[in-house]
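First comes the structure, then the notes that go with it.
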Amino acid sequence: MSDRRQLTLNLFIYPGGHHEAAWRYKGSAADRILDITYYQELAQRAEAHKFDAIFFADGPALNVRSTARAAG
């Protein structure tokens, strides 16, 4: 049996950011959060660097308009 181990690389994308103040970072792309081409570019960069997978995280959330309509 082989003792070789393999490292699997995954790009984990959480569109809302991983830190509440990350938008303040000079290199941040906060203005592109709703731009599909931004995510396409991230996927292309991950592929070019031989990543094995991409995970687009999400979370339970409703915007203010949705909750106002539901209560309405």
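A short reminder: the numbers here are calculations on the coordinates, not readings from a lab. What you see is a predicted model, and the numbers here were worked out from it, not measured in a lab. Virtual Cβ from ideal backbone geometry, glycine too; neighbours counted across all protein chains shown.
Observations on the model:
- Net charge over other residues, Cβ less than 14 angstrom from the Cβ of TRP23 (K, R count +1; D, E count -1): +1
- Per the Cα gyration tensor, the range 2-56 maps to an equivalent ellipsoid with semi-axes of 27, 14, 9 Å, ordered largest to smallest.
- Computed E for ARG45/GLN6 - FRET, C-beta separation, R0 22 angstrom, nearest 0.05: 0.55
- For the range 44-53, the Karplus equation 6.51 cos²θ - 1.76 cosθ + 1.60, evaluated at θ = phi - 60°, returns couplings of 5, 5, 4, 5, 4, 9, 6, 5, 8, 7 Hz by residue, with Gly and Pro reported as x.
- Taking a sphere under 12 Å around the Cβ of GLU41 and counting the other residues whose Cβ falls inside, with K and R at +1 and D and E at -1, yields a net charge of 0.
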